[in-house]
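In what follows, a single structure is set out as structure tokens and then discussed.
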Amino acid sequence: MATAVTVDKDRKYQSEVNDHSKRIMTEYSDQLARAAKGGEPAGFLMISGNCVEILRAFDMHPVFPEVNALQLAIRKQSLPMILKAEQMGYSSDNCAYVKADVGMLMSGGYGPQGTIPYPSLVVCNYVGCNVYVKWFEHIAEFCKAPLYMLDIPFLREGDAPSQDDITYVVRQLEELIATCSRITGKPFDIDKLREVLALSARAEEGWSRAKELCKVKPAPFDAYFDSINMMGPINVLRGTTQAAGFFDFAVEAFEALAAQHKGPLAEERFRTVVEGPPPYPYYRNFRNLFSAWGAVAVNSTYSTVGGLWEWGFRHDPRRPLESIAEQMLVENLTNRSLTARYQQIRRYVEEWEADALVIHSIKSCRLFSAGQGDMREYFTRDLGVATLLVESDLEDPRYYSEAQMKNRIDAFFESLEHRKFLRKGTGGDA
Amino acid sequence: MPITPIIERCRARLEDIEFGSVREWKARHPGGRAVGCFPVYTPVEIIHAAGMLPVGLFGGGNTIELANADARFQSFVCSIAKSTLEMGFQGRLKLLDGVIFSSICDVARNLSSVMARNFPELHVDYIHHAQNMTSPSAVDYVESEFGRIQRSMERLAGHPVSPGALAASLKTYNQIREILRTLYRIRRESPHLISTVELYILARAGTLVDPEDHLRELREVMDLLPARQGRPKDRVRVVIESAFCEQPPLDLLQVVEDAGCYIVDDDLLTGWRWYVEDVPEDPPPLRALAESYIRRSVYSSVRHDGPRSRNLGLVEKVRRANAQAVIFMPAKFCEPALFDYPLFRVALEQANIPHLVIEFEEKMWTFERTRNELETFVESMLFD
Ligand code: SF4
Ligand code: SF4
């Protein structure tokens with residue numbers, strides 16, 4: 001029986017694409033830090049189905065508190081911030097993304113002394129996640145900043161929003177535009193918005209192409225762990241030349257890898273689809289546990305929280321507000337139902353020819369996790385897809401147990417290997 | 001007749017895990033359908049106007065052992081979500097033809113999907129309640145959303161809802177809410193005349209019968225109340241906050257009262273009381289309901305604030321009730337309730353209003369620790 005290979009725990013997965021992403025994301029962070037010092041106008045947004053294009057049309061710096069939280073976790077600095085928030089009365093059961101960000105705000109991370117500008121406007125794009133509403137209510141309260149509640153009706157009947165839903169969102173976008181104009185003192189320039197949207201569409205095209213390339217065997221990159229490096233450019237920097245250029249570069253690089261039959265690991269032994277956000281405080285460790293088995297994610301749901309571009313949707317400069325509304329309403333994972341997510345995963349498993357589904361269930365995020373036991377039920381019982389469910393957290397290091405995680409993952413791939421072996425032995429399809 | 005037998009009857013109704021009152025209603029209305037309303041707010045008028053019975057669906061309380069649901073929803077998910085699903089697995093929701101969930105939190109949203117998948121015979125609806133309370137377009141949106149629910153209810157009922165029927169339902173529920181508001185006022189002014197346990201039982205039992213029957217029951221209580229005797233006791237006047245979805249066990253409310261508190265306001269069953277004044281009867285009924293949702297409803301932890309924040313809303317509520325303290329009573333793992341606490345706490349501290357936090361689970365059955373905490377709190381208040 002084959003066993004896991006030992007992975008050098010400092011193993012580097014960096015490719016030139018990841019380096020490129022880091023470079024432009026660092027530039028973005030530097031810009032924010034300068035904006036914080038200079039008091040330049042900043043608009044706060046959440047990642048899911050965001051409308052960053054509108055802020056760009058007013059030259060407002062877009063700030064995403066989720067990115068603040070994520071970076072704290074990756075740098076292993078989240079726990080003191082979380083504890084700080086818990087001292088203020090936040091519960092141990094509340095989403096730790098919020099707590100880390102609030103802790104950071106309370107520790108002077110915002111404003112001229114910090115790295116994040118104070119919000120001139122908090123735009124609560126309520127796209128699916130109810131925690132967003134709380135998070136931004138709190139930020140607005142602590143920073144004494146105005147808040148615009150951009151209410152996006154959940155996609156609740158079928159696959160398309162009603163015309164009334166679209167109208168409601170477009171009218172709110174118009175109000176948001178008027179608000180941005182008032183705050184920045186700049187008139188709204190629709191042509192500028194169209195240019196931004198064209199850049200968005202170019203990045204979206206590249207994003208889709210890249211994800212499509214993971215259908216190739218071996219997949220040229222890991223569509224969970226590596227696609228996180230693409231999420232910054234697509235969700236945060238979308239609408240800039242940097243983001244569009246990044247995806248041009250990425251697609252070229254991945255095409256070359258695919259042509260050379262090269263993947264992120266020396267050997268692709270298992271193709272997985274991953275559901276749920278990663279444990280950022282132990283990102284590298286977690287990845288290594290899969291690499292040890294030659295497991296490569298060929299698609300992931302987390303990569304689609306901001307937008308679902310891979311099925312053809314693009315922002316459209318000819319229909320600026322309507323297409324922004326459609327993206328917020330329909331074209332992202334967060335505003336779709338849990339069972340719609342089952343179908344998304346099913347498509348991934350089938351079309352990307354995956355061997356297994358890995359569910360990483362995280363305590364912080366009930367949007368993702370509540371009901372994932374039912375998801376496992378559906379994939380194992382109804383569809384016969386091998387499914388692994390592991391639990392930890394995306395921000396709070398206290399919920400990650402390396403030993404337990406390793407046991408579960410090893411046991412799963414061992415049996416998966418066994419299954420593969422048996423199928424081959426009996427001449428069944430592998 | 002004194003009030004107590006009415007309360008006892010209501011108590012039996014809400015403790016009946018077989019939904020006996022729904023069964024009776026169905027027996028009286030052959031072919032009639034019943035629709036469960038998961039907290040917090042459902043426009044029950046629409047269900048009723050379609051000739052169906054709206055039923056308060058508050059989970060399994062402490063009457064259910066989880067056999068299947070905890071494999072579907074993780075340990076860090078609130079109890080009501082799991083017990084509601086478990087009721088489905090155990091066939092206890094068979095009497096219901098439909099269930100309506102709404103956008104109160106991420107858990108309830110996912111639960112509605114899981115329910116729809118596991119019980120295909122159940123008609124499951126999901127309402128996206130407006131979060132933007134200040135946009136001029138919000139009322140149009142809500143009207144459209146309630147209209148969609150109306151069409152869905154028409155499909156379930158098998159016939160259209162006439163504007164006349166909807167107007168009549170608005171009126172009935174206006175009358176119910178009006179009496180409940182009055183009872184809340186009486187309890188605020190003379191908490192010795194009606195206890196919270198009694199008032200709660202009365203209101204909750206009303207979610208399990210035809211609203212006309214509920215109205216009759218409430219009117220009986222109103223008639224009998226003036227004859228009630230009692231003398232105010234030396235107790236601490238408290239407001240209960242954060243128990244808007246999963247409901248605390250009756251025994252917990254009893255413990256609060258026994259520990260020396262008058263509960264003079266609360267957010268229990270808040271969605272069934274929702275409006276601070278009548279829904280007007282003159283505009284077209286759906287429009288009236290939509291406008292009221294935006295302009296005449298209470299503040300809520302499951303909805304973004306209107307022009308005033310709920311932190312101020314809570315302080316005002318305490319002042320209006322002439323209360324001395326707040327008891328936060330969030331259900332364990334209830335994200336919206338827990339998230340509101342840090343800001344509520346600041347607002348109360350600024351207003352010099354003491355508070356106590358008591359986390360509960362619907363299925364809890366020992367209260368010793370809670371009783372001690374409460375008694376200590378009450379003592380500190382009385383001898384301050
Ligand atoms: S609950 Fe999930 S989606 Fe919402 S803020 Fe937290 S991590 Fe993000
Ligand atoms: S108790 Fe709280 S978390 Fe649970 S369903 Fe209700 S509102 Fe949501």
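Some values worked out for this structure:
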read-out: Matching residues in segment B:302-336 - criterion: being within 9 Å of another protein chain (Cβ to nearest Cβ) and either among the polar types (S, T, N, Q) or within 16 Å of ligand 1 (Cβ to nearest atom) (or both); value: B:Val302, B:His304, B:Ser309, B:Asn311, B:Phe333, B:Cys334, B:Glu335, B:Pro336
read-out: Residue among A:Ile74, A:Ile47, A:Ile82, A:Ile54 that alone is away from chain B (no Cβ under 14 Å) and either over 30 Å from A:Leu321 (Cβ atoms) or of a type in the set (Phe, Trp, Tyr) (or both); value: A:Ile74
read-out: Test: residue in segment B:297-305 that is aliphatic (A, V, I, L, M), farther than 23 Å from A:Asp93 by Cα and in contact with a Lys or Arg (Cβ under 8 Å, 6 or more places away or on another chain); value: yes
read-out: Matching option when the condition is in contact with a helix residue (DSSP H, G or I) (Cβ under 7 Å, 6 or more places away or on another chain) and either in a loop (DSSP other than H, G, I, E, B) or on the phi > 0 side of the Ramachandran plot (or both), among A:Ser48, A:Ser92, A:Ser21; value: A:Ser92
read-out: Search result, residues across segment A:209-265 that are under 20 Å from A:Phe313 (Cα atoms), surrounded by 19 or more Cβ atoms within 10 Å (Cβ to Cβ) and charged (D, E, K, R); value: A:Lys211, A:Arg238
read-out: A:Arg156, sole failed condition from (1) at the interface with chain B (Cβ under 7 Å from one of its Cβ atoms); (2) of a type outside the set (A, V, I, L, M, F, W, C); (3) surrounded by fewer than 20 Cβ atoms within 10 Å (Cβ to Cβ); value: (3)
read-out: Counted residues, segment A:311-326 - those being surrounded by fewer than 23 Cβ atoms within 10 Å (Cβ to Cβ) and farther than 16 Å from A:Asp191 by Cβ; value: 6
read-out: Matching residues, segment A:63-120, being among the hydroxyl-bearing types (Ser, Thr, Tyr) and either more than 14 Å from ligand 1 (Cβ to nearest atom) or closer than 15 Å to A:Ile362 by Cβ (or both); value: A:Ser78, A:Ser92, A:Tyr97, A:Ser107, A:Tyr110, A:Thr115, A:Tyr118, A:Ser120
read-out: So A:Glu174, is it over 20 Å from A:Pro317 (Cα atoms) and acidic (Asp, Glu); value: no
read-out: Any hit, segment A:400-415, residues being surrounded by fewer than 22 Cβ atoms within 10 Å (Cβ to Cβ) and within 16 Å of ligand 1 (Cβ to nearest atom); value: yes
read-out: Wholly enclosed helices (runs of 4 or more DSSP H) of segment A:140-232 bearing at least 1 residues under 16 Å from A:Ala325 (Cβ atoms) and under 26 Å from the mean Cα position of the chain (by Cα); value: A:163-184, A:190-213
read-out: Single residue of B:Ala34, B:Ala69 found to be in contact (Cβ under 8 Å) with a residue 12 or more places away in the chain and closer than 15 Å to B:Ser112 by Cβ; value: B:Ala69
read-out: Any hit, segment A:74-91, residues being within 16 Å of ligand 2 (Cβ to nearest atom), of a type in the set (Ser, Thr, Tyr) and modelled with pLDDT of 95 or more; value: yes
read-out: Extreme residue, nearest to the other protein chains (Cβ to nearest Cβ), among residues of segment B:59-83 that are away from ligand 1 (no atom under 16 Å from the Cβ), buried (at least 22 other Cβ atoms within 10 Å of the Cβ) and among the hydrophobic types (A, V, I, L, M, F, W, C); value: B:Ala69
read-out: Qualifying helices (runs of 4 or more DSSP H) (wholly inside segment B:96-198; at least 3 residues being touching a residue at least 40 places away in the same chain (Cβ under 8 Å) and either within 16 Å of ligand 1 (Cβ to nearest atom) or within 14 Å of chain A (Cβ to nearest Cβ) (or both)); value: B:106-118, B:138-157
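Residues are listed down the side, and each one gets a yes or a no for (1) out of contact with any strand residue (DSSP E or B) (no Cβ under 9 Å at 6 or more places or on another chain); (2) at pLDDT below 95:
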{"position": "B:Ile6", "(1), (2)": "yes, no"}
{"position": "B:Arg13", "(1), (2)": "yes, no"}
{"position": "B:Trp25", "(1), (2)": "no, no"}
{"position": "B:Phe38", "(1), (2)": "no, no"}
{"position": "B:Tyr41", "(1), (2)": "no, no"}
{"position": "B:Val44", "(1), (2)": "no, no"}
{"position": "B:Asp70", "(1), (2)": "yes, yes"}
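Yes/no matrix, rows are residues, columns are (1) within 21 Å of A:Gly306 (Cα to Cα); (2) within 11 Å of chain B (Cβ to nearest Cβ); (3) surrounded by fewer than 24 Cβ atoms within 10 Å (Cβ to Cβ):
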| position | (1), (2), (3) |
| --- | --- |
| A:Asp93 | no, yes, yes |
| A:Ala96 | yes, no, no |
| A:Ala100 | yes, no, no |
| A:Leu105 | no, no, yes |
| A:Gly108 | no, no, yes |
| A:Ser120 | no, no, yes |
| A:Tyr126 | yes, yes, no |
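Here's the yes/no breakdown for (1) without any contact (Cβ under 8 Å) to a residue 24 or more places away in the chain; (2) under 26 Å from the mean Cα position of the chain (by Cα):
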site: A:Arg347; (1), (2): yes, yes
site: A:Ala354; (1), (2): no, yes
site: A:Arg408; (1), (2): yes, yes
site: A:Glu417; (1), (2): no, no
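The values are calculated or read from the model by the stated rules, or taken from the named source; none is laboratory data. Keep in mind that what you see is a predicted model, and the values were worked out from it rather than measured. Neighbour counts are summed over all protein chains in view; Cβ atoms, including those assigned to glycine, are modelled from backbone coordinates with ideal geometry.
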